[in-house]
Amino acid sequence: MSAMKEVLISAKNLKKEFRTGETSQTIFENLDLDIYKGDFTIIMGASGAGKSTLMYSLSGMDRPTSGSIVFSGKEITKYNDDELAVFKRKNCGFVFQQIYLLEKMSLMDNVLTAGALCSDNKKEVIQRAKELFELVNIPEITQKKFSTQVSGGEAQRAGIVRAVINKPSVVFADEPTGALNSNNSEAVLNVFTKLHREGQSIIMVTHDKKTALRGNRVLYVRDGQIFGDCNLGNYVETDNERERKLDEFLTEMGW
Amino acid sequence: MKKIKSQLIYNLKKDKGSYISFGIVVLITAIMLNLAFVLLFQVDKAYDDKFNELNTAAINVTVPKLQNTDALLNDIKSLNGVDDAECREAVFAEAVVKDFRATDFSMNTLFYNKDESRNMNKLDIKEEKTGMTENSIYLPLYVASFGEFGLNDEIVYEIGDTKHTFKVSGIVEEMQYGNYGKGLMGAYLPKEVYEKFSDEYSEQTVVEYSIMTNGDINALQNDISDLLEEKGITMLTSCDRISTKDTRTMVCNLIILVLSAFAIIILFVSVFLCKFRISNSIEEDMVNMGVLKALGYTGNMIIAGVVLPYLMVTVFASLLGVAVSYAVLPGLGELLTLQAGFSFGLDFDIKGLICVVAILAVIVLFFTYTAAKRIRKLQPINAIRGNSEGKSAKKNYFPLDETKGKTKLLLVMKQTFSNGKQNILLFGVSFVLTILVAFASTMFYNVIIEPDNFISTLSEEMPQIIVSPVEQYEDVISDELKSNSEIKSVLKYTVGTVNIDDMPVTVFACEDFSRVSNDLCYLGENPDEKNEIALGSAFEEKYKIGDRIEIQNGDIPCSYEVTGFVQSVNYQGNVCEFSLDGYEALNSEKLVPTLYVYLNNASDTEKIIDEIEQSYSDKIVSTMNYQKMTETTQEMYSGITSVIVVVIFILTILIVLFVLYIVIKTLLVQRKQELGIYKAIGYSNKQLMVQMIGSFLPSSVVAVLLSSVLGLIYVPQINQLIFQTIGAMKNNMEVSFAFLMIFAFVQITANLIISILLTKPIKKISAYALIKEG
């Protein structure tokens, strides 16, 4: 089924090594991976397996030690810092576990700060931001608050709005519910599901099975390789079969 | 102490760059303060020591030998307050010293017999050539060093139309006269040379009375004046310890004033810097402080850990600054020796060192403690959670969805308003430093670009040529010169002396003061009629405009109405102005005024002098190239001013550099996460650099421009203050708006370049590192 889809990101022979003085640690090596357009890809793995490192390498946020990444037909591994910045603002949206909203700005301003990068039509950007805030259930009064004045869930949903304001090719989410309680997590995941259903490609790192169920494809990273690749199909809330399939996959992976 | 040692070392290591910058600003302050203190503590003492060593009289007056009586010495000795007195003969002459610093200097000179025994006003021979000649002369240190005369050099004194050429056989230090500002100099001739010389000028021989007193000098001077008046004796010259000291130490006092003002301004900058840094480091280290408190450290221990590094840096930088200042002192000492007319060594001064270190340490301690004391109120748990008033935003400035304008511009404005503290700091520092720059640029404009403004403030009338005609030819020459197309105007002008209130006062008499090039009158009007007089600033307290004043010259009494007040830096306000008729009324003989010649083109001076000398060889006594003298004075001041301007400008840029360094570094540390977020959402390095520079540069640009514009108001006041201290009640210094703007532009450009260089580390902030660290 995957073979029918358009490849959005293609990583070839990827290697990532961290050096500290004379010691080095290889996170992954000879890694090949294709990410498809429209997929909600979940990256799982044990702590320290390199799942976040892999995701950030694919997004251009971090540079691999060697290998190539072709993203939307562009080899981003050849880009310099500023070229990467321009590429990221058009193609990537990021959602972080720590949320990382700008503290001295309201939620709306956080979103418009990102929006200003890709459009000079301020009215249009504000209109889209309002629609997205509505989509993630953040009322106008909350939009004007600082991130320190709202709940973690609201802040994270605002973070998602910021990530998608420029209609990126992919939203990269690094354990977006890691710091949230279950109610807030649910609300945030619902937003991701909504976005996916609207055709948004998403890559999400998580170690939470419930979160992983939201994706249609689950990759398992182990020993510096994509150890397993599981196709779950699109998320349906009441589908127990998907959960069973994921359980089996994870057991097989040694989770 | 042991308990806070590790904290102290941690703080010092963590913020090395900021401490170094702060230390350099303190070092500059310490250099200036120590220079000021050493001058303050030592020059005055050196002056008094030398004064006492040479047993210099408190008052010296001269009277014509023809009027002197044998009993006068005893009469003076019997005056109340006189401890001792002695008298000696001298020749008093209005002389022109030729080739004095490559020009001709007009100087009232008293020629003494060097070999006559003296108990008072002793001479300290600094250099001497063995073997006398028939024209040997010993010059005072001031004439030798300032006039650029060395041993064996020839010096020509022109008295009337006679030129006397002497050979410099020695250089002496004396404390009786001093420098040109006093308007009176001494010259010392060996016995044989003096006798020959005094024979030639027997009519100009005077008797000098040197009077010692420990009492009130002014009161005694008045008593002496009364005594001489009673006896019908004219006092030709008078100088006293106070006014001589004021004149000789004027430049030194000015330097102390300027150095202290600079030091205060830079000190202001440094305390603001440390206060700013501490406030921010409390924000940055909030969690650590909370942990320390949770571990049981007291608030005072943590405060000590924050304050002590600044105190240590201050003490170290102060000591270093004091040491560095001693490298500058010999040069400064030489410059002052030249101006003060006596040599003195500036030695290590423990008092200065203690004052500098104590003042800086106390001020820094006070400001750092004030900034750090809120640590005491920190609740450990709140601190550990990073909750502080400063960290959380209070107001969302310029909401992007509600405010009209480009989002990127609004982002810059948001940052500007969100970071109020550093913008206030930058505004304050830039404003204050621009005052220095505005002052320096105005000095530069008036000394280098429009030198007449400066020179005319310090001088009296400034023609290009002064012609001394033979009696009866003044009108003929004047009329003929006026018809010369290269000559702009000719003015009959005379400089002389009268006694006012029994004190000798320099006279400026002119045929028409409305035509002078340098109007000295700062209050009221110049005299126009025969019975009018304008008095020098020294008389301003005693007389007011409209008062009548009786002046007696020998047997001729005249009454004048005071029309105004005039300034004179060179004679400390002891001057007056008459119309030519008015001055002539005081003289028994017909006055032969000199002719002040003003040219259309000053560069023609030499040529016109030649023409005048050729055309009127038998009708003139002498000509003087006054233009050259003006230029020499101007050159001297240009050099000093250029150095001052360059030093001020470099200091300003250096301080701006250090302030910006600390502010930008603080911003980079504080906003590291924010910048990482911006990068993560796609902002480029260039965008972030522009955004950051845009957030703080406007405050310094506005401050520089505002301060420069306000310079039109405050610079004249600063100039007024400074020039008044040296007796120039009205200064001709112009404030050029264009020049202020040029310097402001240079300053802004320098700020911009420094900002760009300092914000480059933004490139090193990686969004990924932020996520990894987070």
Response to the item:
Cβ-Cβ cut-off under 12 Å around B:LYS167, Lys and Arg +1, Asp and Glu -1: the net charge is -2
Worksheet item: Taking amide hydrogens as modeled 1.01 Å from N in the peptide plane, which residues meet the under 5 Å criterion relative to A:THR65, leaving out close sequence neighbours?
Response: A:LYS15, A:LYS16, A:GLU17
Item to complete: Kindly express, to the nearest 10 degrees and within the range 0 to 90, the angle between helix A:240-253's C-alpha long axis and the longest C-alpha principal axis of chain A.
Response: 50
Discussion item. Please compare each pair in B:LYS5/B:LYS351; A:LYS12/A:LYS167; B:LYS351/B:LYS373; B:LYS13/B:LYS373; A:LYS16/A:LYS74 to a cut-off of 24 Å on the Cα-Cα distance and tell me which ones are over it.
Written reply: B:LYS5/B:LYS351; A:LYS12/A:LYS167; B:LYS351/B:LYS373
Item to complete: Using a Gaussian network model of chain A whose springs link C-alpha atoms within less than 10 Å, name the residue from A:SER59, A:SER119, A:SER169 with the highest mean-square fluctuation.
Response: A:SER119
Fill in: Share of pairwise Cα separations in the stretch B:471-618, more than 29 Å, in percent
23
Discussion item. Check which residues have an amide H placed less than 5 Å from A:ILE203's amide H, if you skip close sequence neighbours.
Written reply: A:THR41, A:VAL171, A:PHE172, A:ALA173
Worksheet entry | For the stretch B:441-497, projected area of the alpha-carbon convex hull averaged over all directions, nm² | 5.5
Fill in: Net charge dipole size for the stretch B:471-618 [Lys, Arg +1 and Asp, Glu -1 on Cβ; Debye, nearest 20]
400
Worksheet entry | Nearby lysines by direct alpha-carbon distance to A:LYS245 (threshold 24 angstrom, same-chain neighbours under 8 apart not counted) | A:LYS5, A:LYS37, A:LYS51, A:LYS194, A:LYS209, A:LYS210
Item to complete: Determine the calculated [θ] at 222 nm for chain B from helices alone, applying -39500 (n - 2.57) to every DSSP H run no shorter than 4 residues and normalising by the residue count; nearest 500 deg cm²/dmol.
Response: -17500 deg cm²/dmol
Discussion item. Using only the alpha-carbon atoms of the protein assembly as shown as identical scatterers, what base-10 log of I(q)/I(0) does the Debye formula give at q = 0.05, 0.06, 0.09 Å⁻¹?
Written reply: -0.52, -0.65, -1.00
Worksheet entry | Long-range Cα-Cα pairs in chain A (distance over 28 Å), rounded percent | 33
Discussion item. Tell me whether the stretch B:1-107 comes out rounded, prolate or oblate; compute the Cα gyration tensor, take square roots of the eigenvalues as a ≥ b ≥ c, and use a/c under 1.5 as the rounded threshold.
Written reply: oblate
Worksheet item: By DSSP, what percent of the beta bridges with both residues in the stretch A:2-253 are antiparallel, rounded to the nearest 5?
Response: 55
Worksheet item: Of A:ALA158, B:ASN719, B:PHE398, whose Cα points farthest to the positive end of the dipole of the protein assembly as shown (charges on the beta-carbon: +1 Lys, Arg; -1 Asp, Glu; origin at the Cα centre)?
Response: A:ALA158
Worksheet item: What relative contact order, as a whole-number percentage, does the stretch A:2-253 give when Cα pairs under 8 Å and 6 or more residues apart are counted?
Response: 25
Practice prompt. Please give the average number of partner chain Cβ atoms lying within 10 Å of the Cβ of each residue in A:85-98, rounded to a whole number.
Written response: 4
Item to complete: Within 10 Å of each Cβ in peptide A:108-118, how many partner chain Cβ atoms are there on average? Round it to a whole number, please.
Response: 6
Practice prompt. Enter the mean projected area of the convex hull around the alpha-carbon atoms of the stretch B:606-655, in nm², rounded to one decimal.
Written response: 4.1
Item to complete: Could you tell me the largest-minus-smallest coordinate of the C-alpha atoms of the stretch B:112-178 on each of the three principal axes, in descending order and whole angstroms?
Response: 34, 27, 24
Fill in: Rg ratio (alpha-carbon, reference 2.2 N^0.38 Å) - chain B
1.20
Worksheet, complete the sentence: Note, the stretch A:219-227: 3J(HN,Hα) by Karplus (6.51, -1.76, 1.60, θ = phi - 60°), whole Hz, Gly/Pro = x, goes 9, 10, 9, 8, 6, x, 9, 7, 7
Worksheet item: Which ³J(HN,Hα) values in Hz, rounded to whole numbers, follow from the phi angles of the stretch A:178-189 under the Karplus curve 6.51 cos²θ - 1.76 cosθ + 1.60, where θ = phi - 60° and Gly and Pro get x?
Response: x, 10, 10, 6, 5, 5, 5, 4, 4, 4, 5, 5
Worksheet item: How big is the antiparallel share of DSSP beta bridges in the protein assembly as shown, given as a percent to the nearest 5?
Response: 70
Worksheet item: Could you give the alpha-carbon Rg of the stretch B:651-725 over 2.2 N^0.38 Å, rounded to two decimals?
Response: 1.63
Item to complete: Give me the Debye-computed log₁₀ of I(q)/I(0) at q = 0.11, 0.13, 0.21, 0.22 Å⁻¹ for the stretch B:639-774, equal point scatterers on Cα only, no solvent, two decimals.
Response: -0.55, -0.69, -1.23, -1.29
Worksheet item: So for the stretch B:227-268, what percent of the C-alpha to C-alpha distances run longer than 16 Å?
Response: 61
Practice prompt. Among DSSP beta bridges lying fully in the stretch B:467-596, give the percent that are antiparallel, nearest 5.
Written response: 70
Practice prompt. At q = 0.15 Å⁻¹, work out log10 I(q)/I(0) for the stretch A:129-215 with the Debye formula, treating every Cα as an identical point scatterer and leaving solvent out; two decimals please.
Written response: -0.51
Practice prompt. Largest first and to the nearest Å, give the Cα extent of the stretch A:1-115 along each principal axis.
Written response: 44, 43, 30
Fill in: Cα-based Kirkwood hydrodynamic radius, the stretch B:544-689, one decimal, Å
23.3
Discussion item. Distance cut-off 32 Å, Cα to Cα: go down the list B:LYS408/B:LYS665; B:LYS14/B:LYS763; B:LYS492/B:LYS628; B:LYS377/B:LYS406 and report the pairs above it.
Written reply: B:LYS377/B:LYS406
Practice prompt. For peptide A:139-149, compute the average count of partner chain beta-carbon atoms within 10 Å of each residue's beta-carbon.
Written response: 2
Worksheet entry | Assigned charges on the beta-carbon of Lys, Arg, Asp, Glu; the stretch A:58-110 dipole about Cα centre (debye) | 140
Fill in: Dipole moment magnitude, nearest 20 debye, the protein assembly as shown about Cα centre, only Lys, Arg, Asp, Glu C-beta charged
10800
Item to complete: Would you mind estimating how fast the stretch B:31-187 diffuses translationally, via Stokes-Einstein at 25 °C and 0.890 mPa s with the Kirkwood radius over Cα pairs, in µm²/s?
Response: 141
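Throughout, read-outs are computed from the coordinates displayed, never taken from laboratory work. Being a predicted model, the structure only gives us computed values, none of them experimental. A quick note on method: Cβ atoms are made from the backbone with ideal geometry, for glycine too, and the neighbour counts reach across all protein chains shown.
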